[in-house]
């Protein structure tokens, strides 16, 4: 895949407000092709809303969203065709079997029959769902549902992956497979934007990171740039995150709780 | 038993209604006035009815009639506990049926320090909240008011107590049924393996159809009066059945038989306690619901070459139709769509064969045929259209995140409505033809009319179903906002009447449906009547299909859920 000159994602002055709460506050963001980009931030900082805005699930109050060279508001269907999305807690069709669900997703994205068959088989094998694919999803564990949601995002070979807490509930082997798969896809030019609370994973996987707080972008860059911004040379992402979000005083909080 | 825990659990159940009422969720404030409006209203209506009856009884000049009224009132009081029991069982069962398949609503918070007895008591009492409690308040208000006027306060107090106990008894019975149902159904699915999906479909349909036929038989016109008469008379004959002991106790109290009163009352209370004990034990054993792993297919993945593709549907549209077909045959809460047409076939059939009394006359059978051919399909189209978008529930994000256009969404959803409704019409038509043996002209005309109604009402209700979709799933899937459903069901009825009017005129002017007074209009030809209907139906379909498309565009743009 040959990445185009344009960024995979370009957000300019994007804001979203829910009544008196500012979920996303005037964000400018560029994500390059073939990049794994991490969105970090405390609960309610605007990560999920930002991902939804990119996909067109949430309409911004202001600003422009350009995804893979397409203005998302002008042609949302063209954007959706090229994006694979895993929501934070994916609600699947529980009355379908895993296989029926993936078949449905394949058809929705217009994956050719033979290709669909091969890919579903490979993914089910890789994520150890073989043998359970004929069971209704209602009987799956949360981890199994997450695996199905991830397969459904990968199935149509999207150019952009939007993953909200992608490794949540996965067993270590499957998590490793997904991580390796994302790296391989990156080398093929697929862009991944993921939101996560697991800072070790973010630090290990992401080329660049953005730290969000109260809807704003507090910091943006690779690990070295974030260390410089936080003035914490040699420190890990957890220390940087806590310092930048002003939540580093955890010791006092714990002591207060133990009183 | 920690009573505070019971009260807290009941309050959680009441608050679950917030989500399905579509309240704003931020800075939520509940209006107490609104919360108690139903019960306050029931109380006021009860008082008004009671005063009305009491005044009527007082002003009647004829002493014989007065005595008769007095005696009838007392007889009615005696039958009240058993009647309340029957109706509470039906209502609480209805509540449970609506919740079937919703895991979250069945799952008690087992990780909290709450005993099974507390949970069972809370669940039993919470079952009564809503219509059953409002009905109890209404009835109690009537009884109290009438009794004060008649100077029978002790009887009123006893009756009201018996009503409350009966309602609790009914709800406990429902609780036992609920737990057993979860256990039994789980066991059946596990043992039936691949056939589980169809066992579930047929089993649920059978259960619900029987339930609704019994319900309609109880509540429809003369049957409800017959039921009251039967209960008043039959209670004595079946005195050994514990469920009538409360009524027996009340009857004994009214006759001044104190020993019998105490015996039946004590026995009733012991029976209620025993049932409650059983319910708590069953809950402890089977109460935690685990969805059975239903294996639908095994082995090699074999994608089908879509038949729908050959009909002109894209792979996306065909996929949505297939998915929805599975939803309607696998999700219990959606099976209601099939129940109403089935009830509409069975009820007239039972009437025809005289199950509810005299069999229908030949002219009645013509009317019956028209009813069987027209109503089920049209009703199914209207119901499906209203719920077919909301039934997506929370997984509706698939439509927002995937490349589904408004045109595709409306096309595939509308197609499924038409397919299901036409099948229902054909089945009903075949049954109707076998029974009523109409002429070919009439059969074809009614079949065409039915199809026209399906196309028109399907488009009307689909447009409404898109704008009025409600995706909340807990405590039960609502699918469509109640106001939207009410308004559009009414609109569907009006439009159906308008479309059907030419055919009705034909039936009246030609004497197909006999009238006491001849209609002063020239005879309208059958084919002209159907043609006028067709034009009206096609215009309606076109206009509302366009509206549905516009609504779908807005729906996909305003994707925020």
- Note on the structure: Averaging 1/r across every pair of distinct alpha carbons in region B:315-557 and inverting yields a Kirkwood hydrodynamic radius, in angstrom, of 18.9
- Note on the structure: With the label point 7 Å along the Cα-to-beta-carbon line of residue B:430 and a cut-off under 12 Å to each amide N, the hits in region B:440-481 are none
- To the nearest 0.05, what FRET efficiency results for residue A:235 and residue B:14 with a Förster distance of 51 Å applied to their C-beta separation? 0.50
- Mean Cβ-within-10 Å packing, highest first, puts peptides B:82-91, A:36-45, A:64-73 in the order B:82-91, A:36-45, A:64-73
- Task: Using a cut-off of under 16 Å, list every residue of region A:3-38 whose amide N is near the label point 7 Å from the Cα of residue A:77 along the Cα-to-beta-carbon line.
- Result: none
- Message: Need the full-extension length gain, residue A:176 to residue A:115, defined as separation in residues times 0.36 nm minus the C-alpha distance. One decimal, nm.
- Response: 19.5 nm
- Take residue A:21, project a point 7 Å from its Cα along the Cβ direction, then tell me which residues of region A:58-91 have their backbone nitrogen under 19 Å from it. A:58-62, A:87-90
- Pull out the extension gain between residue B:258 and residue B:311, defined as 0.36 nm times the separation in residues minus the alpha carbon to alpha carbon distance; nm, one decimal. 11.5 nm
- Task: Partner chain Cβ atoms within 10 Å, averaged over the residues of B:148-156 - can you pull that number for me?
- Result: 0
- Estimated FRET transfer efficiency when R0 is 56 angstrom, pair residue B:558-residue B:56 (beta carbons, to 0.05): 0.50
- Task: Take the alpha carbon atoms of region B:69-94, find their center, do the same for region B:128-165, and report the distance between the two centers in whole angstrom.
- Result: 11
- Note on the structure: Taking every residue of A:99-112, the Cβ atoms of other protein chains inside 10 Å of its Cβ average out to 5
- Pairwise centroid distance, computed over Cα atoms, of region A:38-106 with region B:385-445, Å: 30
- Task: Shielding by partners for B:313-326, please: the mean number of other protein chain Cβ atoms within 10 Å of each residue's Cβ.
- Result: 4
- What FRET efficiency comes out for the pair residue B:494/residue B:519, r = Cβ-Cβ distance, R0 = 25 Å, nearest 0.05? 0.70
- Item | Antiparallel bridges, percent of DSSP beta bridges restricted to the protein assembly as shown (to nearest 5) | 60
- The residues A:235, B:461, B:191, B:401, sorted from fewest to most surrounding Cβ atoms within 10 Å, come out as B:191, A:235, B:401, B:461
- Give the order of B:397, B:239, B:3 when sorted by the count of other beta carbons within 10 angstrom, beginning with the fewest. B:3, B:239, B:397
- Cα gyration tensor, region B:428-475 - rounded (a/c under 1.5), prolate or oblate: oblate
- Message: With 10 angstrom as the radius, rank A:174, B:314, B:450 by how many other C-beta atoms surround their C-beta, starting from the fewest.
- Response: B:314, A:174, B:450
- Stretchable slack from residue A:89 to residue A:224, in nm (0.36 nm times residue separation minus alpha-carbon distance): 45.4 nm
- Item | Overall form of region A:101-259 per C-alpha gyration tensor (a/c, 1.5; a/b vs b/c) | prolate
- Message: Return the Rg/Rh ratio of region A:90-157 with Cα-based radii and a Kirkwood Rh.
- Response: 0.92
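Every read-out reported here was derived from the displayed coordinates using simple, explicitly stated rules and does not represent laboratory data. Everything numeric in this text was worked out from a predicted model, so none of it was measured. Reconstructed Cβ throughout: ideal geometry from the backbone, glycine too, with neighbour counts over all protein chains shown.
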